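Comments concern the structure below.
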Amino acid sequence: MKLFPISKSLVEALFTIRENQSQDRALWIDQISINQTDEDEKSGQVPNMGRIYSEAKKTLIWLGNPVEQDDIALRIITLFGAFRRQLETLLDEQDTEYSPQMRL
């Protein structure tokens, strides 16, 4: 078995996931799956990440331990998501021709 360093944030994430989950799960962790010291490998793997995340049954993103500003940031993200859905609905209702590149 080869040992390699991981960040404090990853350690915290793994402990938090384990504390809050009672079932076994498979995890794909980019910090482990991609050699973080090899810039060529990292840049070569970035295009695969979209496929990996889009095919996942469930995605968990760890941004670190909670801090006071997290509530504000999550409200902004939620509002932006709602705005995006409303805008796409309006565009669909108007039967506006738009390409996937225009999609939010």
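The values are calculated or read from the model by the stated rules, or taken from the named source; none is laboratory data. The structure presented is a predicted model; accordingly, all values stated were derived computationally and were not measured. So basically every Cβ, Gly included, is an ideal-geometry build from the backbone, and we count neighbours across all protein chains shown. Ligands, DNA and RNA are stripped out before the accessible areas are found, and what is left, the full protein with its side chains, is counted by its heavy atoms. Shrake-Rupley method; radii C 1.70, N 1.55, O 1.52, S 1.80 Å.
Number of residues in the stretch 1-41 that are over 19 Å from residue 64 (Cβ atoms), assigned to a helix (DSSP H, G or I) and open to solvent by less than 70 Å² (accessible area, probe 1.4 Å) equals 2.
Inspect all residues belonging to the stretch 42-64 and state whether any of them is part of a helix (DSSP H, G or I), more than 28 Å from residue 2 (Cα to Cα) and among the polar types (S, T, N, Q). Within the stretch 42-64, one or more residues are part of a helix (DSSP H, G or I), more than 28 Å from residue 2 (Cα to Cα) and among the polar types (S, T, N, Q). What number of residues within the stretch 1-25 are more than 18 Å from the chain's Cα centre (by Cα) and among the aliphatic types (A, V, I, L, M)? So the answer is 3.
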